[in-house]
Amino acid sequence: MMNIIEKYKDTFDALEIMREMEPNIIYMHLISLGKKLQEDPLSEEKRLSKNQVTYCQFKLYVDIEDGKFKAWSDAMIASGYAYMLLDVFNSSNRTIDAKEFDILNIDELLSMNRTSGFFQMIDIMNSKIPE
């Protein structure tokens with residue numbers, strides 16, 4: 001069975017082919033994922049500094065709520081990569097090594113600041129997984 005990270009890799013590979021015709025296609029896809037994040041966001045009470053992804057240029061928070069990871073951001077692209085990470089982590093009951101995401105080539109898809117926020121969010125989520 002294909003794991004979720006590989007599913008996202010396949011999607012990004014397909015979008016990469018169309019990038020010549022539509023240079024912003026990756027960001028457009030992340031924005032569409034970000035809209036899904038807003039359907040069930042992290043509650044305002046959990047949007048605390050201890051849950052903040054500080055490497056993100058915008059506000060981005062992540063924590064466990066109702067037995068699963070939830071996040072909230074005021075930026076749609078950050079919401080998009082947050083949605084993707086929630087999808088991966090909520091489908092697994094284990095910590096996930098950041099190296100598992102290397103196949104996505106995030107550093108080639110996102111700006112340096114967004115990449116830093118992406119990997120910091122992985123670290124934060126791993127630290128919140130109950131033992």
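The values are calculated or read from the model by the stated rules, or taken from the named source; none is laboratory data. It should be emphasised that the depicted structure is a prediction, and the values quoted were computed from it without experimental measurement. Using ideal geometry, Cβ is built from the backbone for each residue, glycine included, and neighbour counts are taken over all protein chains shown. All accessible areas refer to the heavy atoms of the entire protein, side chains included, with ligands and DNA or RNA removed. Shrake-Rupley method; radii C 1.70, N 1.55, O 1.52, S 1.80 Å.
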If you fit an axis through the alpha-carbon atoms of helix 112-128 and take the longest principal axis of the Cα set of the chain, what angle between them do you get, 0 to 90°, nearest 10? 40 degrees
When a/c reaches 1.5 or more, the comparison of a/b and b/c decides; with that in mind, is the chain rounded, prolate or oblate per its Cα gyration tensor? prolate
In segment 26-131 the accessible area split gives carbon plus sulfur, as whole percent at 1.4 Å, a share of 48 percent
For the chain, the charge dipole (Cβ of Lys, Arg +1; Cβ of Asp, Glu -1; about the Cα centre) points to a positive end, and the Cα of 109, 130, 91 closest to that extreme belongs to 130
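Please list, by residue number, every one of the chymotrypsin sites (Phe, Trp or Tyr not before Pro) in segment 23-97 that is coil in DSSP and has at most 15 other beta-carbon atoms within 10 Å. Could you put the intermediate results ahead of the total?
Working: sites: 27, 55, 58, 61, 69, 72, 81, 83, 89; in loops: 55, 58.
For chymotrypsin sites (Phe, Trp or Tyr not before Pro) across segment 23-97 that sit outside H, G, I, E and B with at most 15 neighbouring Cβ atoms in 10 Å, the list reads 58.
Exposed loop trypsin sites (Lys or Arg not before Pro) only (DSSP loop, at most 16 other Cβ atoms within 10 Å): please give the longest stretch of the chain free of them, not including the sites.
Numbers: sites that count: 19, 59, 94.
Longest run free of exposed loop sites: 20-58.
Compute the accessible area per residue over the chain, keeping the other protein chains in place, probe 1.4 Å, unit Å². The partial results should precede the final answer.
On the way: 7470 Å² over 131 residues.
Counting only protein heavy atoms, the per-residue value for the chain is 57 Å².
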To test your reading of the geometry: what angle, between 0 and 90 degrees and rounded to tens, separates the Cα axis of helix 25-37 from the longest principal axis of the chain? 30 degrees
Mind listing which GluC sites (Glu not before Pro) in segment 17-86 are in a DSSP loop and have 15 or fewer other Cβ atoms within 10 Å? 20, 39
Angle in degrees between helix 76-90 and the longest Cα principal axis of the chain, rounded to the nearest 10: 70 degrees
Would you calculate a helix-derived [θ] at 222 nm for the chain, using -39,500 (n - 2.57) for each DSSP H run of n ≥ 4 and dividing by the full residue count, to the nearest 500? -15500 deg cm²/dmol
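For segment 5-85, what is the charge dipole size about the Cα centre, in debye to the nearest 20, if Lys and Arg each add +1 at the Cβ and Asp and Glu each add -1 at the Cβ?
Details: 11 positive and 14 negative charges, 46 e Å.
Rounded to the nearest 20 debye, it is 220 debye.
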